[in-house]
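Visitor: Pasting in a structure now, in structure tokens, and then I'll have a few things to ask.
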Amino acid sequence: MVNHQESGSPTRYAVIGSPIAHSKSPLIHSLFAEQTKQHLTYEAIEVLEAEFESFVNAFFESGGGGLNVTLPHKERAFALAEVTTPRASLARAVNTLSLNKAGQLEGDNTDGAGLLNDLYLNHRVSIESKRLLILGAGGATRGVLAAIADLANKPAAITVANRTLAKATALASDFASRLAITASGYDALDDQQFDVIINGTSASLGGELPPVPPSVIAPDCCCYDMMYAAEPTLFLKWAKAQGAAQAIDGLGMLVGQAALAFTRWRGIEPTTADVIQALRVHP
């Protein structure tokens, strides 16, 4: 996407969702703008489902530069986009909207790539040639798998475990042309170990844990929860108690996906480590 640096009025950006008041995206993008000296505004806007398409169209018609899209609109954004990136097409969800050079509404999904960048850039964890387990078979997992499909060097093995085996099997089938995925129920994991485990469920924020046996944690295992909170999530507490070498929350994924959207919009790549630290200090 073209660098929109202007000397006049700042270009407008926003995150839309419902609810949205809790969003950290305005702070993240303001820190990126300060870091990279970009002239823009960024706000959080509550948009109800019935208003989604009309809002998006009006936003870009009025000169808006780009939108981040969060719950519950990611699938609607995918349907509305005139063109989508390969990873958005695989994920069947869009979290970043912009106009391309042809004036078409273009959708991208930066969630999974943001997670992988956080693992590698901020924690020095590579999934290359590793045994990877992803918990849950919903949209969050689809986003991660779509990003993995873009990698030149992939994990040695990928297992997706879900309470409903049929849902994990259907997901594996959707990705069969790009990735070899083993679908599993949680009860079939007893005799397996994994080097990297990603929790793609929101269970631990609700005070629950996916029913994963402790034996899945291999020596030097890294456990990553796509959720985050002021205190470690229940999943991360469980992981440390079972001997995981690293237990990482999803704040870096949030900042990482935002950085990729920012780069897409502005043509300049911000760094994430200092922004993550700022959010840790001032949650």
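The values are calculated or read from the model by the stated rules, or taken from the named source; none is laboratory data. Quick caveat, the model's predicted, so the values are computed rather than measured. Quick reminder, even Gly has a Cβ in these numbers, built from the backbone with ideal geometry, and neighbours come from all protein chains shown. Just the protein is used for accessible areas: all its heavy atoms, side chains included, with ligands, DNA and RNA removed. Shrake-Rupley method; radii C 1.70, N 1.55, O 1.52, S 1.80 Å.
Visitor: So for the stretch 93-114 (the condition being in contact (Cβ under 8 Å) with a residue 40 or more places away in the chain, farther than 14 Å from Ala261 by Cα, open to solvent by 50 Å² or more (accessible area, probe 1.4 Å) and assigned to a helix (DSSP H, G or I)), does at least one residue qualify?
Guide: The initial filter retains those residues of the stretch 93-114 that are in contact (Cβ under 8 Å) with a residue 40 or more places away in the chain, namely 93, 95-98, 100-101, 105, 108, 110-111, 113-114.
Imposing the further condition that a residue be farther than 14 Å from Ala261 by Cα reduces the set to 93, 101, 105.
Imposing the further condition that a residue be open to solvent by 50 Å² or more (accessible area, probe 1.4 Å) reduces the set to 101.
With the extra rule that they be assigned to a helix (DSSP H, G or I), the set shrinks to none.
No, the stretch 93-114 contains no residue that is in contact (Cβ under 8 Å) with a residue 40 or more places away in the chain, farther than 14 Å from Ala261 by Cα, open to solvent by 50 Å² or more (accessible area, probe 1.4 Å) and assigned to a helix (DSSP H, G or I).
Visitor: On to the next question. Give, as residue ranges, the helices (runs of 4 or more DSSP H) completely inside the stretch 218-283 that count at least 2 residues that are touching an Asp or Glu at 6+ places or on another chain (Cβ under 9 Å). Let's see the steps before the verdict.
Guide: Values: elements: 234-241, 251-266, 273-281.
In the stretch 218-283, 234-241, 251-266 are the helices (runs of 4 or more DSSP H) which contain 2 or more residues that are touching an Asp or Glu at 6+ places or on another chain (Cβ under 9 Å).
So that you can scan it fast, the table gives a plain yes or no per residue for (1) under 16 Å from the mean Cα position of the chain (by Cα); (2) over 20 Å from Val69 (Cα atoms):
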site: Ala218; (1), (2): no, yes
site: Tyr228; (1), (2): yes, no
site: Pro232; (1), (2): no, yes
site: Gln242; (1), (2): no, yes
site: Ala245; (1), (2): no, yes
site: Ile248; (1), (2): yes, yes
site: Arg266; (1), (2): no, no
site: Gln277; (1), (2): no, yes
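Visitor: Going by the conditions given, is Asn117 out of contact with any strand residue (DSSP E or B) (no Cβ under 9 Å at 6 or more places or on another chain), not in a loop (DSSP other than H, G, I, E, B) and not acidic (Asp, Glu)? Walk me through it before giving the result.
Guide: Details: out of contact with any strand residue (DSSP E or B) (no Cβ under 9 Å at 6 or more places or on another chain): yes; not in a loop (DSSP other than H, G, I, E, B): yes; not acidic (Asp, Glu): yes.
Yes; evaluated as a whole, the condition is true for this residue.
Visitor: Oh, and also: From the set of residues in the stretch 181-222 that are out of contact with any helix residue (DSSP H, G or I) (no Cβ under 7 Å at 6 or more places or on another chain) and charged (D, E, K, R), which is farthest from Ala170 (Cα to Cα)?
Guide: Among those residues, the one meeting the criterion is Asp220.
Visitor: Given Thr201, Thr272, Thr233, which one is in contact with a Gly (Cβ under 7 Å, 6 or more places away or on another chain) and modelled with pLDDT under 95? Quick ask: steps written out before the conclusion?
Guide: On the way: Thr272 fails: modelled with pLDDT under 95; Thr233 fails: in contact with a Gly (Cβ under 7 Å, 6 or more places away or on another chain).
Answer to the selection: Thr201.
Visitor: Right, Asn68: open to solvent by 50 Å² or more (accessible area, probe 1.4 Å) and closer than 30 Å to Gln246 by Cβ or not? Walk me through how you get there before you give the answer.
Guide: Numbers: open to solvent by 50 Å² or more (accessible area, probe 1.4 Å): no; closer than 30 Å to Gln246 by Cβ: yes.
In short, no.
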